[in-house]
1. Please list the radius of gyration and Dmax for the range 1-43, considering alpha-carbon atoms only, with Å as the unit.
2. Defining a contact as two alpha carbons under 8 Å apart and six or more residues distant in sequence, what relative contact order in percent does the chain show?
3. For the pairs LYS57/LYS110; LYS51/LYS82; LYS20/LYS108, flag any whose C-alpha to C-alpha distance is greater than 21 Å.
4. From the gyration tensor of the Cα coordinates in the chain, what semi-axes in whole Å does the equivalent ellipsoid have, largest first, with each one equal to sqrt(5λ)?
5. Please list, or write none, the lysines whose alpha carbon is within less than 16 Å of the alpha carbon of LYS55, excluding same-chain residues fewer than 8 places away.
6. Under 8 Å for C-alpha pairs, at least 6 residues apart: give me the relative contact order for the range 55-96, rounded to a whole percent.
7. Take ILE11 and ASN151, extend 7 Å from each Cα along the Cα→Cβ direction, and tell me the distance between the two endpoints in nm.
Amino acid sequence: MSDLANRTLTIEKIFNAPVKLVWDAWTQSEHILKWWAPKGMNIKVIEHNFKVGGKWKYSMPMPDGNEFISEGTYKEIKEFKKIITSADFKPMTENVELQTYFEADGNKTKFTFRVIHATPEYCKQQEEMGFYNGWGSALNRLETILETLKN
């Protein structure tokens, strides 16, 4: 697994919110609905069984009438610390692993998001397709939601 670094895309962020709030916004359907999809798009939570072995599945209707499906199975959950899940984002990204880490830092949360791909080539292709822009904008929306939840 020495090529793990070449197969991983990582985003690190400090959220100006306590870890429990960030955790809730990441794990509860009513919050996910507000930040997971690109700005101006809607999302439906089809399934969200937040436990190890549980499945999640979200659908986003596209302007052309097709649906963009995000789904996976939770592999590991350590409350307020980490979530590891398989993930498919059909039709663009399949068979990746999402690793999400939460670290309390007073009233802030150090947040690390990693996506592990099957091969370095696939990882590079995903990066070139706009990984950092896409997830970056979703995490910016999450940040906005956190501000609302704090008040």
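1. 14.5, 40
2. 30
3. Too far apart for the 21 Å limit: LYS57/LYS110.
4. Working: eigenvalues 99, 78, 48 Å².
Over the Cα atoms of the chain, the ellipsoid semi-axes are 22, 20, 15 Å.
5. Within reach: LYS44, LYS75, LYS90.
6. 30 percent.
7. Rounded to a tenth, the inter-label distance reads 2.3 nm.
Bear in mind these aren't lab numbers, they're just calculated from the coordinates by the rules spelled out. Computed from a prediction, not measured in an experiment: that's the story for all the values here. As a convention, Cβ positions derive from the backbone with ideal geometry for all residues, glycine included, and neighbour counts pool all protein chains shown.
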